[in-house]
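The values are calculated or read from the model by the stated rules, or taken from the named source; none is laboratory data. Computed from a prediction, not measured in an experiment: that's the story for all the values here. Note that each Cβ is placed from the backbone with ideal geometry, even for glycine, and that neighbours are counted across all protein chains shown. These accessible areas exclude ligands, DNA and RNA; they are computed on the full protein's heavy atoms, side chains included. Shrake-Rupley method; radii C 1.70, N 1.55, O 1.52, S 1.80 Å.
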Amino acid sequence: MDAIDWSNLSFGYIKTDYNVRSHYKDGKWSTPAETTSEEINLHMAATCLHYGQESFEGLKAFKGKDGKTRIFRMRENALRMISSSQGIMMAELPVEIFEEAVVKAVKLNERFVPPYESGASLYIRPLLIGVSPQVGVKPASEYLFVVFVTPVGPYFKEGFKPTPVAIFRGYDRAAPLGTGTIKIGGNYAASLVAGDRAHKMGYSAVLYLDAKEKKYLDECGPANFFGIKNNTYITPLSSSVLPSITNKSLMQLAQDMGMKVEQRQVPEEELSTFEEAGQVGTAAVISPILRVDDIDENKSYVISKDGNAGPISTLLYNKLKGIQLGDEEDTHGWVTVLY
Ligand code: PLP
Ligand code: COI
């Protein structure tokens, strides 16, 4: 392969050596096996193409100073994929098969795990799709699980530098009792138009309000939202937000640091009281928020007065990265050390 410029990677696809697959047929999952093919041969009436039977996950592996590769909270992603399967009637992939496939994909592509100093990581993308044909609206009887990996840099090109986000009242990402809490492609399709509009206007992401009342903060297009004030970590509780594993980790770390943690409805006006705020997720890590503009209401909430990340976001970021890289003790058992 051409030499990879590890320190200047963006969040994109780079071909690696292998991906790992398991098929579900007649009630059984096959043993995960590697392939070098980047393609999937699909029936034209596969349910993933017509009725959106598709879910995916995102997690990361990191190279430590000690040369060991660590995968962060893999079991949580396996459990969330089961919850996604329950939401759209797909076969449930056992946690053990998910973990076996992820570990195999990382080990087989070891040479793509970015070096410790680079700041980059190996992004792991598990994918589950309905592959057997249906013409009526019904779930498939056969499924394909694929894990591919690709080395990535920051999701937002600004990295840890604060960026502005936009509220648009004309778009919802997910319905109040819809599919927002599971990780399925349809949610992302529904976010493309608003996301594109935000990017063209210079915002890093859309901050969605709750779809029912348009009163409370939900989450950003690719990440959860958190705010900090009075030594308290505050994040929205909502029936249409994806339960972020990174956010769950930060809530724990904030508590470990002696902060209060509140998961509750967050009215939009509360933005004016936050000392810090950020987007949080596997791809985004912590991406501090500079300003929130409510475009339709012509309101603006400045979060970062000096344009820099705040002290608590910085502490949380360093602690999280430290655990992921193996520089900090993994007191909660979040990390799988490969070798
Ligand atoms: N919210 C949305 C809509 C996402 O796509 C993601 C990314 O996975 C997150 C939140 C963050 O979740 P996690 O921290 O588990 O990656
Ligand atoms: C992730 O953070 O892993 C995501 O899936 C967000 C985005 C790339 C869709």
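Within the stretch 278-323, being among the charged types (D, E, K, R) and touching a residue at least 60 places away in the same chain (Cβ under 8 Å) holds for R291, D293, D294, D296, E297, K319. Evaluate the following for A283: is it away from ligand 1 (no atom under 16 Å from the Cβ), open to solvent by less than 60 Å² (accessible area, probe 1.4 Å) and part of a loop (DSSP other than H, G, I, E, B)? Here the answer is no, as A283 does not meet what is asked.
Right, G258: open to solvent by less than 20 Å² (accessible area, probe 1.4 Å) and either away from ligand 1 (no atom under 11 Å from the Cβ) or assigned to a loop (DSSP other than H, G, I, E, B) (or both) or not?
It is false that G258 is open to solvent by less than 20 Å² (accessible area, probe 1.4 Å) and either away from ligand 1 (no atom under 11 Å from the Cβ) or assigned to a loop (DSSP other than H, G, I, E, B) (or both).
Which residues, counting only those in the stretch 26-70, are farther than 14 Å from F145 by Cβ, within 16 Å of ligand 2 (Cβ to nearest atom) and of a type in the set (D, E, K, R)? Correct list: K60 only. Evaluate the following for Q324: is it closer than 20 Å to F225 by Cβ and either of a type outside the set (S, T, Y) or surrounded by 14 or more Cβ atoms within 10 Å (Cβ to Cβ) (or both)? So Q324 does not fit the description; no.
Based on what the data block shows, is I312 of a type in the set (V, I, T), away from ligand 2 (no atom under 16 Å from the Cβ) and closer than 24 Å to Q255 by Cβ? Yes; evaluated as a whole, the condition is true for this residue. Would the stretch 10-23 turn up any residue that is free of Cβ contacts under 8 Å to residues at least 12 places away in the same chain and surrounded by fewer than 19 Cβ atoms within 10 Å (Cβ to Cβ)? No, every residue in the stretch 10-23 fails to be free of Cβ contacts under 8 Å to residues at least 12 places away in the same chain and surrounded by fewer than 19 Cβ atoms within 10 Å (Cβ to Cβ).
Checked against the criterion of being touching a residue at least 60 places away in the same chain (Cβ under 8 Å) and more than 16 Å from ligand 1 (Cβ to nearest atom), the stretch 174-195 has at least one qualifying residue.
Only a single item in (1) closer than 28 Å to T331 by Cβ; (2) in a loop (DSSP other than H, G, I, E, B); (3) in contact with a Ser or Thr (Cβ under 7 Å, 6 or more places away or on another chain) is not met by D17, and it is number (1). Of all residues in the stretch 54-87, those being over 19 Å from the mean Cα position of the chain (by Cα) and either buried (at least 17 other Cβ atoms within 10 Å of the Cβ) or within 16 Å of K248 (Cβ to Cβ) (or both) number 2. Any residue at all in the stretch 293-300 that is under 30 Å from R73 (Cβ atoms) and of a type in the set (A, V, I, L, M)? Within the stretch 293-300, none of the residues are under 30 Å from R73 (Cβ atoms) and of a type in the set (A, V, I, L, M).
Against the numbered list (1) of a type in the set (V, I, T); (2) buried (at least 20 other Cβ atoms within 10 Å of the Cβ); (3) within 18 Å of R80 (Cβ to Cβ); (4) not assigned by TED's automatic domain parsing to the domain that holds G12, T181 comes up short only at (2). Kindly indicate whether any position in the stretch 270-288 is away from ligand 2 (no atom under 16 Å from the Cβ), farther than 25 Å from R197 by Cβ and within 17 Å of the chain's Cα centre (by Cα). No, every residue in the stretch 270-288 fails to be away from ligand 2 (no atom under 16 Å from the Cβ), farther than 25 Å from R197 by Cβ and within 17 Å of the chain's Cα centre (by Cα).
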